[in-house]
Amino acid sequence: MKKSEVYNILDLMDEIKKIDSLLLFHKNAEEGDFMASQYEAKKVKLVGELIDALAAPKVQSPQSFSLIQKILDKFYPSVNSRDPEDESLKEIIAAI
């Protein structure tokens with residue numbers, strides 16, 4: 001992986017951490033639902049970009065997939081313990 005790719009990934013991680021702290025602040029604030037939803041959308045977008053960068057064909061490896069799992073566990077720990085609402089996702093999970 002080139003240094004520029006590493007820096008891009010590190011920048012994404014830093015941005016996700018900042019958004020995550022803002023999200024937590026607005027979830028705890030009164031009437032912060034609108035802002036929290038905005039930050040959640042931004043976080044989802046950034047995590048998607050980070051996963052895309054780590055799953056790119058020239059980077060794909062068991063280590064990059066493990067890193068993706070760690071990222072998901074860190075930023076979405078409660079999602080792993082819930083059943084998905086989307087029926088299609090339930091079918092895919094059942095196939096696993």
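The values are calculated or read from the model by the stated rules, or taken from the named source; none is laboratory data. On a predicted model such as this, the values are computed, not experimentally measured, just so you know. With ideal geometry, Cβ positions are generated from the backbone for all residues, glycine too; neighbour counts draw on all protein chains shown. What goes into the accessible areas is simple: the full protein's heavy atoms, side chains included, and nothing from ligands, DNA or RNA. Shrake-Rupley method; radii C 1.70, N 1.55, O 1.52, S 1.80 Å.
Restricting to lysines 8 or more places apart or on different chains, can you count the pairs in the chain with Cα atoms under 19 Å from each other?
Pairs that pass both the separation and distance tests number 23.
At 222 nm, what helix-only mean residue ellipticity would the chain give, in deg cm²/dmol to the nearest 500, using -39500 (n - 2.57) for each DSSP H run of four or more?
Numbers: 4 runs with 71 residues, N = 96.
After summing the helix terms and dividing by residue count, I get -25000 deg cm²/dmol.
Which three lengths, in whole Å and largest first, does the chain cover when its Cα atoms are put on their principal axes?
Taking max minus min along each principal axis of the Cα atoms, the chain gives 45, 37, 16 Å.
If you place +1 on the Cβ of every Lys and Arg and -1 on the Cβ of every Asp and Glu, how big does the dipole about the Cα centre of the chain come out, in debye to the nearest 20? Intermediate results must be reported in sequence, preceding the final value.
On the way: 13 positive and 17 negative charges, 116 e Å.
With Lys and Arg at +1 and Asp and Glu at -1, about 560 debye.
Can you compute the modelled spin-label distance between VAL44 and GLN69, with each label point 7 Å from Cα toward Cβ, in nm?
It is 2.5 nm.
Which residues make up the longest stretch of the chain clear of GluC sites (Glu not before Pro) that lie in a DSSP loop with no more than 11 other Cβ atoms within 10 Å, not counting the sites?
On the way: sites that count: GLU30, GLU31, GLU85.
Longest stretch, sites excluded: 32-84.
What are the DSSP H helices in the chain that stretch 30 Å or more along their long axis, judged by alpha-carbon atoms, and whose average Kyte-Doolittle hydropathy comes to at least -1.0?
Working: long enough: 3-28 (38 Å, -0.18); 33-54 (31 Å, 0.12).
Correct list, ordered by number: 3-28, 33-54.
Counting only protein heavy atoms and a 1.4 Å probe, tell me what percentage of the chain's accessible area is made up of carbon and sulfur.
Details: 4100 of 7240 Å².
Answer for the chain: carbon and sulfur cover 57 percent of the accessible area.
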